[in-house]
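Trainee: I have a structure I would like to understand better, so I am pasting it below and will then ask my questions one at a time.
The values are calculated or read from the model by the stated rules, or taken from the named source; none is laboratory data. Source: prediction; values computed, not measured. We place every Cβ from the backbone using ideal geometry, glycine too, and count neighbours over all the protein chains shown. Ligands, DNA and RNA are excluded from the accessible area calculation, which covers all protein heavy atoms including side chains. Shrake-Rupley method; radii C 1.70, N 1.55, O 1.52, S 1.80 Å.
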Amino acid sequence: ANYRLGIIIINEILKSEKEIIFLNIGTILPKQSGLYAFSKNQFSELGKFISNREKKYTFKNIILQNMYGPNDDESKFTSYVINACLRNNEDVNLTRGNQLRDFIYIKDVIDAIVIICNNISAIDSIDIEIGSGLLVSIKDFVLKLHKLSNSNVKLNFGAIQDNINQFEIPAANIKILNNLSWKPSYNLEDGLVETIKLEIK
């Protein structure tokens, strides 16, 4: 879906006589981090390549940081840890948690995308980053979640060996969004509190 569905959509766009902007939701993850990131990055590169050749088709690429929120897929690290803390029924094995990540709450992501859509003609850059602009360690994220959820689950930091190919991810550069009068409405604590409340319902 990350690659083939996008190609199908672009092929339909190119049949149109209208000037069309394709707003793609990409990822901050480097392609070497896994198949998901590889396919997301591969499609972003293809979209940009075709956009350079077709005058009536413009490609904009949102580089999304680590989004979290309620009712998300548990295959994601953030959702797995959130649900594990709320269930209180099993230990959570983790790396040391030294990796730094930019966490952004789902409602802030939605607000940012709406602003981008409403101001798309004023944005010259192809790539637009969405994130909080702040880096937080995985360990601090988990500990804050654990405390806010009043969880009794045991957190086993260091039980999983760090990946030797571990990659660093910079905080989002949100200057473009700041210039459009956007900034995150939720800090990490507020986002986690709301996520916990919505997950419990």
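Trainee: Place +1 on the Cβ of every Lys and Arg and -1 on the Cβ of every Asp and Glu in the chain, take the dipole about the Cα centre, and give the residue among LEU148, LEU135, ASN173 whose Cα lies farthest towards its positive end.
Mentor: ASN173
Trainee: Take every DSSP beta bridge whose two residues both sit in the chain, then give the antiparallel share in percent to the nearest 5.
Mentor: Here the share of antiparallel DSSP bridges comes out near 10 percent.
Trainee: Quick one: accessible area per residue over the stretch 50-157, 1.4 Å probe, rounded to a whole number of Å²?
Mentor: Accessible area per residue, the stretch 50-157: 51 Å².
Trainee: Can you list the residues, at least 5 places off or on another chain, whose amide H is less than 5 Å from the amide H of ILE128, using H built in the peptide plane?
Mentor: Correct list: ASN61, ILE62, ILE63.
Trainee: For ILE21, list long-range residues whose amide hydrogen, built 1.01 Å from N in the peptide plane, is under 5 Å from its own amide hydrogen.
Mentor: Answer set, sorted by chain and number: THR58.
Trainee: Further question: Tell me the mean residue ellipticity at 222 nm calculated for the chain from its helices only (DSSP H runs of n ≥ 4, each -39500 (n - 2.57), averaged over every residue, nearest 500).
Mentor: -13000 deg cm²/dmol
Trainee: With an 8 Å cut-off on Cα pairs and a minimum separation of 6 or more residues, tell me the relative contact order of the chain in percent.
Mentor: Relative contact order, the chain: 24 percent.
Trainee: So for the chain, taking the charge dipole from beta-carbon charges (+1 Lys/Arg, -1 Asp/Glu), which of ASN89, ASN11, ASN66 sits furthest toward the positive end?
Mentor: ASN11
Trainee: With +1 on each Lys and Arg Cβ and -1 on each Asp and Glu Cβ, how big is the dipole of the chain about its Cα centre, in debye rounded to the nearest 20?
Mentor: 200
Trainee: Top to bottom by accessible area (1.4 Å), largest first, where do ASP111, ASP102, ASP162 land?
Mentor: These residues rank, largest area first, as ASP111, ASP162, ASP102.
Trainee: Let me ask something else. Straight distance only, please: which aspartates and glutamates reach the Cα of LYS15 with their own Cα at less than 12 Å, same-chain residues fewer than 8 apart left out?
Mentor: LYS15 reaches GLU54.
Trainee: Among 73-85, 128-140, 1-13, how do they line up by average Cβ neighbours within 10 Å per residue, starting with the highest?
Mentor: Per-residue mean Cβ counts within 10 Å order the peptides as 128-140, 73-85, 1-13.
Trainee: Hey, another quick one. Whose amide H sits under 5 Å from the amide H of ILE104, counting only residues 5 or more places off or on another chain, with H placed in the peptide plane?
Mentor: ASN66, MET67, TYR68
Trainee: Which entry in (1) 31, 23, 17; (2) 34, 19, 15; (3) 23, 22, 16 is this structure's computed semi-axes √(5λ) of the Cα gyration tensor in Å?
Mentor: The calculated read-out lines up with (2).
Trainee: Right, here's the next one. Just add up the charged neighbours of VAL136: K/R +1, D/E -1, any other residue whose Cβ is under 12 Å from the Cβ of VAL136.
Mentor: 0
Trainee: I need to check one value: relative contact order of the stretch 1-106, counting alpha carbon pairs closer than 8 Å and at least 6 residues apart, in percent.
Mentor: Across the stretch 1-106, relative contact order equals 26 percent.
Trainee: If r is the Cβ-Cβ distance from ASN119 to ARG4 and R0 is 25 Å, what FRET efficiency results, to the nearest 0.05?
Mentor: 0.25
Trainee: In whole angstrom, note down how far apart the Cα centers of the stretch 63-89 and the stretch 118-142 are.
Mentor: Between the Cα centre of the stretch 63-89 and that of the stretch 118-142, the gap is 19 Å.
Trainee: What full-extension length gain, to one decimal in nm, is calculated for LYS175 and ARG87 as 0.36 nm per residue of separation minus the Cα-Cα distance?
Mentor: The LYS175-ARG87 span can extend by a further 27.8 nm.
Trainee: Hey, which of these cross-link pairs are over 22 Å Cα-Cα: LYS18/LYS55; LYS31/LYS76; LYS147/LYS197; LYS147/LYS175; LYS60/LYS175; LYS48/LYS76?
Mentor: Among LYS18/LYS55; LYS31/LYS76; LYS147/LYS197; LYS147/LYS175; LYS60/LYS175; LYS48/LYS76, the Cα-Cα distance tops 22 Å for LYS147/LYS175; LYS48/LYS76.
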